[in-house]
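Working notes, beginning with the structure itself.
Laboratory data are not the source of any read-out in this text; all were calculated from the coordinates shown. Note that this is a predicted model, so its numbers are computed, not measured. Here the Cβ is made from the backbone with ideal geometry for all residues, glycine too, and neighbour counts use every protein chain on show.
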Amino acid sequence: MAKSLSLFTAVLMLSLAGAAGAQHPVLDMLASKVIQKYQQSTCEQLWEARGKPKSDEEQRMINFLKTDPQMRTEFINRVAGPVVNKMFECGLVP
């Protein structure tokens, strides 16, 4: 999984640098990957992962989203519903 995340991060960074217009295929791919992770993970897996440090690739993506408010908003709009629903089911949010 770390190798695929590294490759994905590299592709994302290159694609985001050249992204134009309202279409963001790499952002679509990132959002899909995050949603899929939450939908396929058990509650126990999510609880265990909650306290662990982020990988370098994940941290780079977080930093990128922190520096680009438009992309961050788009990303959050895409993943918020499915992720928060799973977190609610698992007791990770009140």
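Applying 1/(1 + (r/R0)^6) with R0 = 41 Å to the Cβ-Cβ distance of D28 and E48, what FRET efficiency is obtained, to the nearest 0.05? If you can, show how the numbers build up before the last one.
On the way: r = 28 Å, r/R0 = 0.68.
Using R0 = 41 Å, I get an efficiency of 0.90.
Say each of R72 and Q36 gets a label point 7 Å from the Cα, pointing the same way as Cα to Cβ; how far apart are those two points in nm?
2.6 nm
Using the Karplus curve 6.51 cos²θ - 1.76 cosθ + 1.60 with θ = phi - 60°, work out ³J(HN,Hα) for each residue of the range 67-74 in order, rounded to whole Hz, and write x for Gly and Pro.
8, 10, x, 5, 5, 4, 4, 4
Given H placed on each backbone N at 1.01 Å, which residues far from C90 in sequence or on other chains put an amide H within less than 5 Å of it?
none
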